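K.L.:
Have a look at this one before I ask anything.
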Amino acid sequence: MSSSAFETARPEAVAYLDRLAASDPGRSYKGRMLAELGLRAGHTVLDLGCGPGTDLRALAEAVTPDGCVIGVDHDPAMVDAARTRTADLSVVDVRSGDIHDLALPDRLADRARTDRVLQHVSDPRAALAEIRRVLRPGGRLVMGEPDWETLAVDHPDGELTRAYTRHVAERVVRNAAIGRQLARLAADAGFTVPEVVPVTPVFRDVQAADRILGLERTTRRAVAAGYFTEAGAEAWLGHLSRGPFLATVTFHVVVAEA
């Protein structure tokens with residue numbers, strides 16, 4: 001079950017996040033999230049789940065030296081990478097922390113963002129309540145999350161496509177439908193939600209899609225989990241590698257106000 005079209009080794013975590021940010025879909029949704037934050041000089045902004053610091057520099061430029069950018073991540077390797085990348089930015093403070101229990105005072109921040117974070121956390125409701133606590137009245141939270149149940153990959157055998165998407169939604173991503181749930185969960189946490197923006201990347205190149213989606217690696221896991229037979233997996237990957245290829249998934253940018 002292999003093809004030169006597909007990447008077989010799992011990329012290192014920092015390299016993968018850099019790759020996603022540099023992709024056309026990554027640049028598109030990140031730009032929309034930055035615009036929706038509405039940052040101004042002097043703002044204090046939180047990047048919760050900041051990863052290797054991919055977005056910290058853009059946030060720092062927006063708030064100017066009069067503002068403050070606090071990046072928080074639970075992974076020590078990500079914290080180290082983010083600190084290294086922003087060492088020249090006095091306005092940026094990168095901390096180790098848990099989004100469910102932020103070591104920050106009440107009403108600290110004017111703005112906060114989470115980018116592809118809530119799909120992985122153990123308790124999105126608790127995370128949203130904690131973000132609500134640390135935002136000032138009138139503060140804004142911008143969240144970006146995919147809805148993995150909308151993942152659609154064109155294939156002549158629709159059952160194989162449905163099996164692949166079910167596997168991703170049921171076994172690969174902890175909170176796979178979080179994109180569509182964000183507005184409701186934010187409202188439950190006491191936010192108002194003035195805007196939900198769907199962003200739908202379209203992948204036409206199988207190798208570009210594979211670098212984001214890990215098609216062969218995910219298919220191998222689907223076989224092990226019983227979603228595909230070996231023959232089904234060969235048929236699935238064989239067609240994808242020959243093309244023409246098309247895949248889409250809906251990404252939700254949700255604006256919430258405290």
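K.L.:
Quick one: what pairs do we get from region 120-140, first residue modelled with pLDDT of 95 or more, second of a type in the set (Val, Ile, Thr), C-beta under 7 Å, 6+ apart or different chains?
P.N.:
VAL121/ILE99; PRO124/ILE178; ALA127/ILE99; ALA127/VAL121; GLU130/ILE99; ARG140/VAL255
K.L.:
Further question on the same structure: Could you count how many residues in region 165-213 are within 21 Å of ALA112 (Cβ to Cβ) and aliphatic (A, V, I, L, M)?
P.N.:
Qualifying residue count, region 165-213: 11.
K.L.:
If I filter region 1-40 down to residues being without any contact (Cβ under 8 Å) to a residue 60 or more places away in the chain and of a type in the set (Asp, Glu), which single residue comes out as surrounded by the most Cβ atoms within 10 Å (Cβ to Cβ)?
P.N.:
If we take residues in region 1-40 being without any contact (Cβ under 8 Å) to a residue 60 or more places away in the chain and of a type in the set (Asp, Glu), then ASP18 is surrounded by the most Cβ atoms within 10 Å (Cβ to Cβ).
K.L.:
Can you report the number of residues in region 220-235 which are closer than 11 Å to HIS167 by Cβ, touching a His at 6+ places or on another chain (Cβ under 9 Å) and assigned to a helix (DSSP H, G or I)?
P.N.:
2
K.L.:
Does ALA176 count as part of a loop (DSSP other than H, G, I, E, B) and either modelled with pLDDT under 95 or surrounded by 18 or more Cβ atoms within 10 Å (Cβ to Cβ) (or both)?
P.N.:
yes
K.L.:
Being buried (at least 18 other Cβ atoms within 10 Å of the Cβ) and in contact with an Asp or Glu (Cβ under 8 Å, 6 or more places away or on another chain) is the filter here, so list the residues in region 181-217 that pass it.
P.N.:
LEU182, PHE191, PRO201, ASP210, ARG211, GLY214, GLU216
K.L.:
Please state which one of ILE131, ILE99 is touching a helix residue (DSSP H, G or I) at 6+ places or on another chain (Cβ under 6 Å) and closer than 25 Å to ILE70 by Cβ.
P.N.:
The conditions single out ILE99.
K.L.:
What are the residue pairs meeting all of these: first residue in region 157-173, first residue at pLDDT 95 or above, second residue part of a helix (DSSP H, G or I), Cβ atoms under 6 Å, and 6 or more apart or on different chains?
P.N.:
As it stands, the answer is LEU160/GLY232; LEU160/TRP236; HIS167/ALA222, since those pairs meet every condition given.
K.L.:
Name every residue in region 129-160 that is crowded, with 17+ Cβ neighbours inside 10 Å, touching a Leu at 6+ places or on another chain (Cβ under 9 Å) and not in a strand (DSSP E or B), in order of residue number.
P.N.:
GLU130, ILE131, ARG132, VAL134, HIS155
K.L.:
Considering region 41-94 alone, what residues qualify as being of a type in the set (S, T, N, Q), loosely packed, with under 15 Cβ neighbours inside 10 Å and within 17 Å of ALA15 (Cα to Cα)?
P.N.:
Of the residues in region 41-94, the ones of a type in the set (S, T, N, Q) are 44, 54, 64, 84, 86, 90.
Pick out the ones that are also loosely packed, with under 15 Cβ neighbours inside 10 Å and you get 64, 84, 90.
Passing the criteria: only THR84.
K.L.:
What pairs come out if I take residues in region 70-97 that are more than 22 Å from ALA41 (Cβ to Cβ) and pair them with residues that are buried (at least 16 other Cβ atoms within 10 Å of the Cβ) and modelled with pLDDT under 95 whose C-beta lies under 8 Å away, six or more apart or interchain?
P.N.:
ALA77/VAL14; MET78/VAL14; ALA81/VAL14
K.L.:
Here's a follow-up. Residues GLY232, GLY226: which one is without any contact (Cβ under 8 Å) to a residue 12 or more places away in the chain, surrounded by fewer than 20 Cβ atoms within 10 Å (Cβ to Cβ), under 25 Å from HIS155 (Cα atoms) and over 20 Å from the mean Cα position of the chain (by Cα)?
P.N.:
GLY226
The values are calculated or read from the model by the stated rules, or taken from the named source; none is laboratory data. Every value quoted in this text rests on a predicted model; they were computed, and no experiment measured them. Cβ sites come from the backbone with ideal geometry, for glycine too, and all protein chains shown count toward neighbours.
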